[in-house]
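Contents: one structure, followed by commentary.
The values are calculated or read from the model by the stated rules, or taken from the named source; none is laboratory data. No experiment lies behind these values; they were computed from the predicted model shown. Cβ placement follows ideal geometry from the backbone for every residue including glycine, while neighbour counts extend to all protein chains displayed. Just the protein is used for accessible areas: all its heavy atoms, side chains included, with ligands, DNA and RNA removed. Shrake-Rupley method; radii C 1.70, N 1.55, O 1.52, S 1.80 Å.
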Amino acid sequence: MEIGQLVIDVKGLEFRWQPGAPTVLAIEDLMVAAGERLFIKGPSGSGKSTLLSLISGVTTAAVGSVRVLDQALEQLSSVKQDHFRADHIGVIFQMFNLIPYLSVVDNVTLPCRFSARRRAKALSRGEDLEAEARRLLRHLDMDHPDLHRRAVTTLSVGQQQRVAAARALMGSPELLIADEPTSSLDADRRESFIRLLFDECRAAEATLVFVSHDASLERLFDRTVDLAAVNRAAQHALAEMGGG
């Protein structure tokens, strides 16, 4: 994908949990270009997790459009949304969501069980899936072969975080979403992890959307979106339209 091409294009979005309920999230316009490293900040309740659910196709808004890689997600069935997410989007969750009974390597290769596209891309970069998993782990400062076969529950928080990042990057998805992945780390470890993540996203030509309430991290990114401010502006515009 060429740098500058849109990966995310949100227009006229209004999200409510049910018809007639208050609007939880409103966005007039949000665009993210290929290769961009976007920081989204906002306090609890500002809609950060809701936005990520909409971008990844887990949730669908009744009003507006969410296009990812030029695909309008609201036009897809729930099954097709699942397939699209598996093929094109990697997610690093706040609590990592690693599978406790799988080894480190098996956790990393997990996306390839659900996406033939990502499996093929992973195999194009390594002799087999395990070799590609080990390459990612090595690049994310997990160059310890004795760790790769251990259960993830035996790892430190920082190590689990890197495993989660390697899993999200496995098979080179075009879009990487990181949902508060550094909240349990101290400041030095946070910045070190983010720089490792940048390096791997650059190598994979992935666009990064990083969500956090920690505004001290935004200086590391290409651009920042203050979701609370965006939401307020859109809500104000909606109120004016209703009043007219």
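Within the range 115-130, can you find the residues that are farther than 17 Å from Val152 by Cβ and either of a type outside the set (A, V, I, L, M, F, W, C) or loosely packed, with under 14 Cβ neighbours inside 10 Å (or both)?
Ser115, Ala116, Arg117, Arg118, Arg119, Ala120, Lys121, Ser124, Arg125, Gly126, Glu127, Asp128
Consider the range 179-238. How many of its residues are more than 20 Å from Ile55 (Cα to Cα) and aromatic (Phe, Trp, Tyr)?
So the answer is 2.
Please go through the range 43-66 and pick out each residue that is part of a loop (DSSP other than H, G, I, E, B), surrounded by fewer than 21 Cβ atoms within 10 Å (Cβ to Cβ), modelled with pLDDT of 90 or more and not hydroxyl-bearing (Ser, Thr, Tyr).
Selection gives Val58 alone.
For Gln94, indicate whether it is in contact (Cβ under 8 Å) with a residue 12 or more places away in the chain and in a helix (DSSP H, G or I). If you could, list the steps in order and put the result at the bottom.
Working: in contact (Cβ under 8 Å) with a residue 12 or more places away in the chain: yes; in a helix (DSSP H, G or I): no.
Here the answer is no, as Gln94 does not meet what is asked.
Take the range 177-195 and flag every residue that is in contact with a Lys or Arg (Cβ under 8 Å, 6 or more places away or on another chain) and surrounded by fewer than 18 Cβ atoms within 10 Å (Cβ to Cβ).
none
Report yes if Val79 is surrounded by 14 or more Cβ atoms within 10 Å (Cβ to Cβ), of a type in the set (A, V, I, L, M) and modelled with pLDDT of 90 or more, otherwise no.
Details: surrounded by 14 or more Cβ atoms within 10 Å (Cβ to Cβ): no; of a type in the set (A, V, I, L, M): yes; modelled with pLDDT of 90 or more: yes.
For Val79, the condition - surrounded by 14 or more Cβ atoms within 10 Å (Cβ to Cβ), of a type in the set (A, V, I, L, M) and modelled with pLDDT of 90 or more - is not met.
Keeping to the range 93-125, report how many residues are of a type in the set (Gly, Ala, Ser), closer than 19 Å to Gln160 by Cα and out of contact with any His (no Cβ under 9 Å at 6 or more places or on another chain).
Of the residues in the range 93-125, 0 are of a type in the set (Gly, Ala, Ser), closer than 19 Å to Gln160 by Cα and out of contact with any His (no Cβ under 9 Å at 6 or more places or on another chain).
Can you name the residue in the range 135-176 that is at pLDDT 95 or above, at negative phi and assigned to a loop (DSSP other than H, G, I, E, B) and is also most open to solvent (accessible area, probe 1.4 Å) among such residues?
Looking at the filtered set, the residue picked out is Glu174.
In this structure, does Thr23 turn out to be touching a Lys or Arg at 6+ places or on another chain (Cβ under 7 Å), in a loop (DSSP other than H, G, I, E, B) and of a type in the set (Val, Ile, Thr)? Reasoning before the result, please.
Numbers: touching a Lys or Arg at 6+ places or on another chain (Cβ under 7 Å): yes; in a loop (DSSP other than H, G, I, E, B): yes; of a type in the set (Val, Ile, Thr): yes.
Here the answer is yes, as Thr23 does meet what is asked.
Filter the range 95-113 down to residues that are open to solvent by 60 Å² or more (accessible area, probe 1.4 Å) and under 17 Å from the mean Cα position of the chain (by Cα), then give me how many there are. Walk me through how you get there before you give the answer.
From the range 95-113, those open to solvent by 60 Å² or more (accessible area, probe 1.4 Å) are 95, 97, 100-101, 113; that's our starting set.
Then keep just the ones that are under 17 Å from the mean Cα position of the chain (by Cα); that gives 95, 97.
Going through the range 95-113 one residue at a time, the tally reaches 2.
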